Every structure is written in structure tokens, then in C-alpha cells.
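Notes for the one structure printed next.
The values are calculated or read from the model by the stated rules, or taken from the named source; none is laboratory data. Note that this is a predicted model, so its numbers are computed, not measured. Please note: Cβ atoms are built from the backbone with ideal geometry, for glycine as well, and neighbour counts cover all protein chains shown. Just so you know, the surface numbers come from the protein's heavy atoms only, side chains and all, with ligands and any DNA or RNA stripped out. Shrake-Rupley method; radii C 1.70, N 1.55, O 1.52, S 1.80 Å.
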Amino acid sequence: LILVPLVKLRRHVLLASVVSLTLLSFSVMVMNHREVPRATFFLLPTRVWEILSGVVLGVIIVLFSRARQNLLVEKLLAILGLTLIAFAVVWFDSASPYPGPLTSIPIVGAALLIWFGGRGHAVDVVLSWRPLQAMGLASYSIYLIHQPILVFWRLASGEFLSLPERILAVATIFFSGLVLHKTVEKPFRDKSRAGTKKLVSSVVAVSIVLIAASVLTIQSNGFSDRLPANFPSSGQRPDGPCTDHDRDFTEIQGFLICDFGDVDSSASVVLLGDSHADS
């Protein structure tokens, strides 16, 4: 919506505008990623710079000349882009702040790969390998299916997944993603199945229903009547002892355990509930 009026601007003004928006979002993310990591992860102003980086690249490629440069330079820049992505995959771990300044490494890598790839050099030979192309085309379906499979697999196994289970889970995820892409995603992308008018009408109708349901849920305080009268609402105490970001958590078999209360007590207590139960 922001870009719609901007496309009427002159090319250089348009490019300067999207670059400014990208840098502004990136700056807000850098200033807040340590203080409020959850908000930085979930909110648009601190994440939009990632997709705006692609917008900047699109503006450059579409509105400005894409004349071929030195083939060796293009090849080296494409290799650099692939290397940056591979570096992020191998080097980043759960301790790496995300999003954070380091997030720019795979973003820049992707931009370089898109910009200087597809010109017939060695990187293109690798990335045009059919299995990789199939994985790329199905990547969104793979993304959608991976978490449910991992969650239910862990629930079924009753413990953290072993290495053989992880390998089998990954294989299952990729196979399921490919099937989902072929049977669900591709048919939905087929423009001949529904005209623009029908598509817009359907989206508007579904949106109205979802907005109405959301408003009703908010106004009824989450349909609080569904709970027993003696059941305290977690919303009354949103800031529990385990929501303190400065608290030290104990890691046991891959799970972060929050100790609170009398930690020296001989009694064993298990807390079951959703993300607000510890309140």
C-alpha cells in the first residue's frame, strides 16, 4: 500500500524512498532487538526491512539498466551471495540474536544471488540442479508443514528426537511438502480456476467473517463463560515469574525450565498449561 503511490515518482526518487524505508526499519530493529526481542521478531516495523531489501533490488533491476558487467565480477558476487547464505546456515545457532544485525548476512547473500545469478556461470549450474529447483518451488509448502510434523513427532516419541528420527523427520517433511505443493499450492495458483472478480469477492467475504469473529471474541473477553467460575483467568496476571527476560532458565533435554517459588523444597510440582500458565 505504501509503494502504490510511490511508483508514480521518478526512478531515482522511488529508489531513494524504498532505500530510506529499508534503512529506517533496519535501524529500528537494531535499536530494539535486545530490549524487546519478541516484539522485534513479530512486529512489522522491525521485520519489513527484510522484504524491502527485495523491493530495492526489484526497483534496481526493473527501472534501471541491467547491462552485463564483467563476467568474472558477476561470478564472484554470485559466489559471495551463496557463501553468505551457507555461512548463516552453518554458523548461526539458537544463541544468535534473530532478528538482529547478523540477519543482514543471509539477506545480502540472497540479494546478490538474485541480482547476479542466472547468467550462465558455475553457481547457476549448482542451483539449476533439478532436486534443488523442486525444493525451491515447494519451499513454502515445506515451510508450512515442517512444524506440525516436528511437534507431533516429539509428542509421539515422548522425548527429544534422536539423530535417526531427525533424519527421518526431515525426509518426511520434504516429501509431504512436495505433495502439498503439487496437490494444494499449485491448484490455488492456477488463475484459470477462478477469475479476478470471484477471487476478490471470496477474499472479502472471508475477511469480513474473520474480522467479525475476532471483534466478537475480543468484546466477549475470549468467551470467558467457557471457563469454570472458580478458574482464574491468566489475563488477570499477564506478568508471571517466568516471563521475566532477565531470569535464568535451566536447560534439560533441550527444554528451558523455569525455576520459581521455593526451589529447595522436597516437593515435586509439575505446571501444565499454555504460555500463560506460569502467571
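Residues of the stretch 240-274 that are part of a loop (DSSP other than H, G, I, E, B), surrounded by 10 or more Cβ atoms within 10 Å (Cβ to Cβ) and modelled with pLDDT under 70: Gly240, Asp244, Arg247, Gly254.
Comparison of Phe41, Phe64 shows that the only residue that is closer than 17 Å to Ser104 by Cα and of a type in the set (Phe, Trp, Tyr) is Phe41. Take the conditions at pLDDT 85 or above and open to solvent by less than 70 Å² (accessible area, probe 1.4 Å) and apply them to Ile51. Does it pass? It is false that Ile51 is at pLDDT 85 or above and open to solvent by less than 70 Å² (accessible area, probe 1.4 Å). Looking only at residues in the stretch 90-109 that are out of contact with any Phe, Trp or Tyr (no Cβ under 9 Å at 6 or more places or on another chain), open to solvent by 40 Å² or more (accessible area, probe 1.4 Å) and in contact (Cβ under 8 Å) with a residue 12 or more places away in the chain, the one that is farthest from Phe42 (Cα to Cα) is Val108. Being in a loop (DSSP other than H, G, I, E, B) and either over 27 Å from the mean Cα position of the chain (by Cα) or modelled with pLDDT of 90 or more (or both): is that true of Gly177 here? So Gly177 fails the test.
Looking only at residues of the stretch 54-68 that are β-branched (Val, Ile, Thr) and open to solvent by less than 100 Å² (accessible area, probe 1.4 Å), we find that the one that is nearest to the chain's Cα centre (by Cα) is Val55. In the stretch 31-40, the residue that is modelled with the lowest pLDDT out of those that are in a helix (DSSP H, G or I) and open to solvent by less than 80 Å² (accessible area, probe 1.4 Å) is Pro37. Within the stretch 121-167, the set of residues being touching a residue at least 12 places away in the same chain (Cβ under 8 Å), over 29 Å from Leu82 (Cβ atoms) and either exposed (fewer than 11 other Cβ atoms within 10 Å of the Cβ) or not aromatic (Phe, Trp, Tyr) (or both) comprises Glu159, Glu165. You will find that of Leu80, Leu1, Leu43, Leu71, the residue that is within 25 Å of Val125 (Cβ to Cβ) and exposed (fewer than 15 other Cβ atoms within 10 Å of the Cβ) is Leu71 and no other. Contact map, the stretch 186-205: first residue open to solvent by less than 100 Å² (accessible area, probe 1.4 Å), second residue of a type in the set (Ser, Thr, Tyr), Cβ cut-off under 8 Å, separation 6 or more or different chains; pairs are Ala194/Ser202.
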